[in-house]
Amino acid sequence: MSGFAAVDVIRAKRDGGVLSDAQIDWVVDAYTRGVVADEQMSALAMAILLNGMTGPEIARWTAAMIASGERLDLSAVARPTVDKHSTGGVGDKITLPLTPLVAACGAAVPQLSGRGLGHTGGTLDKLESIPGWRAALSNEEFTAQLRDIGAVICAAGSGLAPADRKLYALRDVTGTVEAIPLIASSIMSKKIAEGTGALVLDVKVGTGAFMKSVDDARELARTMVELGGAHGVKTVALLTDMSTPLGRAIGNGVEVTESVEVLAGGGPADVVELTLALAREMLDAAGLPDADPAAALRDGRAMDSWRSMIRAQGGDPDARMPEADEVEVVRAEMDGYVAAVDAYAIGVAAWRLGAGRARKEDPVSVPAGVVLHKRPGDPVKAGEPLYELRAERAEAIPAALAEAARAVTVAARPPIPASLVIERVE
Ligand code: URA
């Protein structure tokens with residue numbers, strides 16, 4: 001690969017130019033190898049955030065990120081493969097019931113997931129609440145479980161899109177996470193490298209999401225759908241509301257418990273609705289449009305699939321989640337209706353209680369989190385519980401209380417109901 005001077009590539013994007021294929025291939029590869037320094041890539045990422053990228057630039061950048069590592073071959077899996085990716089939210093435990101549910105309906109789901117950072121939770125942190133459960137699988141274990149059970153949720157190996165691993169960590173500390181070209185290429189490089197045949201994207205919109213407006217979310221969704229198509233991965237996106245947390249449980253152990261309720265045929269209506277909407281999209285994209293995911297939740301097939309998936313990774317599906325030592329119940333001060341439960345503030349409250357981490361190497365608490373007794377639209381009487389805060393340490397409660405108090409509002413009239421699925425992009 002012919003060399004460039006990093007500073008020339010940075011200047012070109014700083015001045016609003018279009019990078020050539022050769023410049024993109026070089027800079028991504030040279031950054032992965034440590035030839036382009038972090039400070040140079042930070043400057044380029046900021047120039048991309050400020051000046052954007054054309055469609056062909058994003059496509060080439062994504063291809064270069066894929067080429068920085070290995071691409072898994074799932075051809076040994078007889079069933080059609082389909083994955084889901086959420087851009088991240090508060091109380092978003094949907095991967096937990098969805099993966100075994102779609103597997104129970106005949107597809108194979110190769111779900112490589114991440115950990116939480118800041119106010120959003122991570123699927124691996126939630127599953128690690130289950131005693132014995134192991135997130136790290138070798139490529140061979142991953143493919144074998146996918147072939148035999150059809151459902152795997154695990155950590156992405158270090159060989160997959162290493163350029164993204166490095167760049168994502170850099171963006172996180174340089175204020176460059178929110179660039180649509182960088183988010184789209186980051187997500188799609190990992191999903192394409194993982195080898196899935198089809199992909200459904202859950203692009204979150206609202207206070208608890210990266211994308212605060214429908215227009216931005218739509219642009220992100222369109223960019224990712226195009227990238228998937230260009231790489232032979234059938235990709236569909238749903239824009240879904242993240243102004244309110246999903247379900248009643250926000251935390252690690254509490255979200256596992258709520259997911260198991262959904263797999264048992266119960267659970268909060270919004271979690272069930274989104275799980276089924278995404279399952280239908282995934283089964284359609286996998287070429288199984290006649291499968292009935294609602295029946296698989298009702299008749300126990302999804303639960304059987306969950307139990308097999310958890311056991312295969314060393315987990316005990318019958319383990320009960322530990323109780324928190326400190327529980328603070330907050331009650332309504334007036335009669336009325338819950339007007340809003342702000343996702344961002346509740347995410348921060350759960351994080352302060354110990355459910356999230358401030359630095360990558362921090363541990364997370366299993367029992368910590370927020371449990372909502374009332375959701376937007378619910379009537380409430382003065383003195384009734386609105387929500388509870390759970391923590392391992394009493395010192396964690398006051399800061400979380402301040403956040404949660406900002407999040408939950410009660411008004412004399414009910415709010416206008418908002419729909420969970422806002423739009424479909426294909
Ligand atoms: N998730 C990712 O994997 N990458 C991003 O850039 C944002 C969310």
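Using the Cβ atoms and a cut-off under 14 Å, what net charge is assigned to the surroundings of Gly89, where Lys and Arg are +1 and Asp and Glu are -1? Kindly include the intermediate steps, with their values, before the conclusion.
Working: positive: Lys84, Lys93, Lys126, Lys204, Lys212; negative: Asp92, Asp202, Asp241, Glu255, Asp270, Asp342.
Here the count lands on -1.
Enumerate the amide H contacts of Ala340 below 5 Å, restricted to partners 5 or more residues apart or on another chain; note that Pro and chain-start residues carry no placed amide H.
Thr409
Tell me, what HN-Hα J-couplings in whole Hz come from the Karplus equation 6.51 cos²θ - 1.76 cosθ + 1.60 at θ = phi - 60° for each residue of segment 14-29, using x for Gly and Pro?
4, 8, x, x, 9, 6, 7, 4, 5, 5, 5, 4, 5, 5, 5, 5
In debye, nearest 20: dipole of the chain around its Cα centre with unit charges on the Cβ of K, R (+) and D, E (-)?
My answer is approximately 240 debye.
Is the shape of segment 101-260 best called rounded, prolate or oblate, per the rule: a/c under 1.5 gives rounded, else a/b larger than b/c gives prolate, else oblate, with a ≥ b ≥ c the square roots of the Cα gyration tensor eigenvalues? Intermediate values should be presented prior to the final figure.
Values: a/c = 1.40, a/b = 1.16, b/c = 1.21.
Judged from the Cα gyration tensor, segment 101-260 comes out rounded (a/c under 1.5).
Can you list the HN-Hα couplings for segment 87-98, worked out from phi with the Karplus curve (6.51, -1.76, 1.60; θ = phi - 60°), rounded to whole Hz and with x for Gly and Pro?
6, x, x, 10, x, 7, 9, 4, 4, 5, x, 5
Tabulate in residue order the Karplus-calculated ³J(HN,Hα) for segment 411-426, using 6.51 cos²θ - 1.76 cosθ + 1.60 with θ = phi - 60°, rounded to whole Hz; enter x for Gly and Pro.
Values, residue by residue: 10, 6, 10, x, x, 6, x, 9, 8, 6, 8, 8, 6, 10, 10, 9 Hz.
Taking amide hydrogens as modeled 1.01 Å from N in the peptide plane, which residues meet the under 5 Å criterion relative to Leu201, leaving out close sequence neighbours?
Residues meeting the criterion, in which the H sits 1.01 Å from N, are His85, Val236, Ala237, Leu238.
Given charges of +1 on the Cβ of Lys and Arg and -1 on the Cβ of Asp and Glu, with all other atoms neutral, how large is the dipole of segment 6-52 about its Cα centre, in debye to the nearest 20?
Computed about the Cα centre, the dipole is about 120 debye.
Taking amide H positions as placed in the peptide plane 1.01 Å from N, state which residues far from Glu423 in sequence (5 or more) or on other chains have amide H under 5 Å from it.
Excluding prolines and chain starts, which carry no amide H, the hits are Leu239.
Could you size up the charge dipole of segment 82-312 around its Cα centre, putting +1 on the beta carbon of Lys and Arg and -1 on that of Asp and Glu, and report it in debye to the nearest 20?
Using only the charged Cβ atoms, the result is roughly 400 debye.
By the gyration tensor of its Cα atoms, with a ≥ b ≥ c the square roots of the eigenvalues, what is the shape of segment 326-411: rounded for a/c under 1.5, prolate for a/b over b/c, or oblate?
prolate
Coordinate-derived values only; no laboratory data. Everything quoted here is computed from the prediction, not taken from an experiment. Cβ sites come from the backbone with ideal geometry, for glycine too, and all protein chains shown count toward neighbours.
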